[in-house]
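Where a number appears in this text, it was derived from the coordinates with a stated rule and is not lab data. All figures in this text were calculated on a predicted structure; none of them were measured in a lab. Methodologically, a virtual Cβ is constructed for each residue, glycine included, from the backbone with ideal geometry; neighbour enumeration extends over all protein chains shown.
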Amino acid sequence: MTKMEIRNLLEKIIWQENELYNLYKLGETFAVYEKPSFVDHFRWLADEELRHRKTIEGFLKERTFEGTAMDVLSLESFFSDERSTPESLEDLILEALIREKHSYELYKKLEKILNGSLSQIFQMMAGEELKHAYRLKIMYEGL
């Protein structure tokens, strides 16, 4: 199968956004005990991922992409992340950085594939993923 139905693509993006959300909620818990100054950062990051997930869920619910198929070979590499189980705050931040990079690259690819307002939405989300990665790098340096 060389085509991926857009529904499958959106479901995979929702899964990835949810995984990042869960990672940041876990980071919030770690931070309470290990680095309290990071709690608000993790809360903000979790809220951002939740908003991204809800945006994509809206596309799914409204059938925004109905009937669209995408070349799976060009997007396949973006869906290799598995469930993460970091054992430390440092591991969690490094894992989150990798996932943010993957999300950024996926959204940049979708920005190029799509047109109009959908392209702009993915452009905006890619920019937000870059901001998340920048914040994570600063947090990592603060460990």
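Annotations for the structure displayed:
- Remark: spin-label model distance GLU5-LYS131 equals 3.5 nm, labels positioned 7 Å along the Cα→Cβ axis.
- Packing, taken as the mean count of other beta carbons within 10 Å per residue, orders the peptides 25-37, 7-19 from highest to lowest as 7-19, 25-37.
- Multiplying the residue separation of GLN120 and LYS35 by 0.36 nm and removing their Cα-Cα distance gives an extension gain of 27.0 nm.
- Of the trypsin sites (Lys or Arg not before Pro) found in the stretch 81-143, the ones in coil according to DSSP and having at most 10 other Cβ atoms within 10 Å of their Cβ are ARG83.
- Approximate spin-label separation LEU94-ARG43, in nm, with each point projected 7 Å along Cα-to-Cβ: 2.9
- Matching label, semi-axes √(5λ) of the Cα gyration tensor in Å computed from the structure shown, candidates [x] 28, 22, 15; [y] 29, 14, 13; [z] 56, 16, 14: [y]
- Estimated FRET transfer efficiency when R0 is 25 angstrom, pair LYS112-ARG63 (beta carbons, to 0.05): 0.65
- ARG51 paired with LYS101, simple spin-label distance in nm, labels 7 Å along Cα-to-beta-carbon: 2.5
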